[in-house]
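A short worksheet on the structure shown next.
The values are calculated or read from the model by the stated rules, or taken from the named source; none is laboratory data. Note that the coordinates shown come from a computational prediction; the quantities given were computed from them, not determined experimentally. Cβ placement follows ideal geometry from the backbone for every residue including glycine, while neighbour counts extend to all protein chains displayed. Heads up: the accessible areas ignore ligands, DNA and RNA and are worked out on the full protein's heavy atoms, side chains in. Shrake-Rupley method; radii C 1.70, N 1.55, O 1.52, S 1.80 Å.
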Amino acid sequence: MKRHLRTAILALCCALLVAASLFAQGTGKPKLVAAEPIKDLGIIAKGEKATYDFAIRNEGDAPLQIQEVRAACGCTVASYDKEIAPGQTGKVGVTVDTATFNGAIAKGVTVYTNDPATPQIELTIKAQVEPFIKVKPGYARYITVQGESKEGTIVQTLWTPDGSPMKILKVESPYPYLTVSFREATQEERLKEIADKQQWRVEMHLSNDAPIGALTDSVKIYADHPRQKLVQVSVSGFVRPMIAVTPSVADFGQVTVSEPLRKSLNIHSFATEPIKITGAQTDVPGVEATVDSVEEGREYEIRVTLKPEMAKGPFNGKLWLTTDSLKIPRIEVVLKGTAI
């Protein structure tokens, strides 16, 4: 009897120990400790990556889970350990692209965790972004007209503020119609305010046959400077057509033509010399086009009229505009719709 009682007591003790252990495990919590949540990297060359691995220690008694790391802006990216065991240290790596910054910056990420006491924490990289290579004007903006005889040329001058030697190794253009060349500036070409310093000259030529549309990219200039290997010069602006038609298609859609129905097109000339619209005609029977001058040689309104006698059903034809320009003597516009 006593033996059975001792066995029962031992079994109960073991059960209590197991239960206590399970209870302790169930109530364990992770504890996030960031040794250095703000890191000042000092001076960083413009164009370099500001990178730092933040140490994250788990001083709790349950696994610390990093659920998400959210960057404050597109210039910042992060990599991280998703789980950190009790007593261990993981990391959150943060990288900031400094290509578009000057001066003091503070860029960070928000770290989301399963620590009930610290569900989120901010980690911040601070730095002083300074160009070891200066460039003037530092940007290239083009507003040009396709087909005009003059090419757009913008000159960039590069030098080191401290006068240290520097050599341009190569340049890269983002567009085949934007040619870029470089050479050391002559004494006559140097900026007068820093004429005593070595200077480099980068010439950017936009061809007059560049396609119509926006310019939104950067020219990359590679140098042999020990602290800054890359200089980026933003290219912006727009290549306009000699004559713009708005809207570009005369689309009437599906319409009932029980009485004359009109649609207007705006014609705007961006050419250097004025261009007159001298006439308008269509190849769709029952459709008439007339020209009204808003500003002679610069802006016109084309009124396209569907007449009630036109044939019912879909139509798809052309509207031709004639001009007094040898460069662009005729403009063709699609004319379509369905008359019911």
Open item on the list: Please give me the summed charge of the neighbours of Ser264: other residues whose Cβ is under 11 Å from its Cβ, Lys and Arg +1, Asp and Glu -1.
Closed with: +1
Task: Structure-based [θ]222 nm, the chain - -39500 (n - 2.57) summed over DSSP H runs of at least 4, per residue, nearest 500 - done: -2500 deg cm²/dmol
Task: Accessible area per residue in Å² at 1.4 Å probe, computed on the chain - done: 56 Å²
Task: C-alpha long axis of helix 2-26 to longest principal axis of the chain, angle in ° - done: 30 degrees
TODO: Please tell me which of these pairs span more than 24 angstrom C-alpha to C-alpha: Lys39/Lys82; Lys91/Lys229; Lys39/Lys170; Lys107/Lys170?
DONE: Lys91/Lys229; Lys39/Lys170; Lys107/Lys170
TODO: Quantify, in whole percent, the carbon and sulfur part of the accessible surface of the chain (1.4 Å probe; protein heavy atoms only).
DONE: 53 percent
Open item on the list: Once R0 is set to 41 Å, what does the formula 1/(1 + (r/R0)^6) return for the Cβ-Cβ distance between Ala72 and Asp209, expressed as a FRET efficiency to the nearest 0.05?
Closed with: 0.45
Open item on the list: For a quick check, take a GNM of the chain with Cα springs below 10 Å and name the residue from Lys82, Lys46, Lys107 with the largest mean-square fluctuation.
Closed with: Lys82
TODO: Once you have the Cα-Cα distance between Ser234 and Lys49, take 0.36 nm times their residue separation minus that, and quote the gain in nm to one decimal.
DONE: 64.8 nm
Open item on the list: Spelling out what I want: for every residue of segment 231-238, take phi, set θ = phi - 60°, compute 6.51 cos²θ - 1.76 cosθ + 1.60 (Karplus), and round to whole Hz; glycine and proline get x.
Closed with: 10, 10, 10, 6, 10, 9, x, 7
Open item on the list: For Lys263, give me every one of the aspartates and glutamates with a C-alpha distance below 14 angstrom, ignoring sequence neighbours fewer than eight places off in its own chain.
Closed with: Asp251, Glu288, Asp292, Glu301
Open item on the list: Please list, ordered by chain and number, the residues whose modelled amide H lies under 5 Å from the amide H of Gln88; skip anything fewer than 5 residues away on the same chain.
Closed with: Asn58
Task: Extension reserve of the Arg183-Gln198 stretch, reckoned as 0.36 nm per residue once the Cα distance is removed - done: 4.3 nm
TODO: Pull up all non-local amide H partners of Ile38: gap of 5 or more, or a different chain, and H-to-H distance under 5 Å with H placed in the peptide plane.
DONE: Thr124
Open item on the list: Just to confirm a number: summing +1 for Lys and Arg and -1 for Asp and Glu over residues other than Lys46 whose beta-carbon lies under 15 angstrom from that of Lys46, what do you get?
Closed with: +3
Open item on the list: As a test of reading the structure, rank Thr100, Thr256 by solvent-accessible area (1.4 Å probe, protein chains only), most first.
Closed with: Thr100, Thr256
Open item on the list: Using a 7 Å offset from the Cα along the Cα-to-Cβ direction at both Thr216 and Glu299, what is the distance between the two label points in nm, to one decimal?
Closed with: 2.6 nm
Task: Lys134 accessible area, assembled protein chains, probe 1.4 Å, Å² - done: 90 Å²
- [ ] Identify which of Asp217, Asp251, Asp53 has the largest mean-square fluctuation in a Gaussian network model of the chain, with springs joining Cα atoms closer than 10 Å.
- [x] Asp251
Task: FRET E, pair Val291, Ala34, Förster distance 45 Å, beta-carbon r, rounded to 0.05 - done: 0.05
Open item on the list: Cut-off 10 angstrom, C-alpha nodes, Gaussian network model of the chain. Which of Val69, Val255, Val291 fluctuates the most?
Closed with: Val255
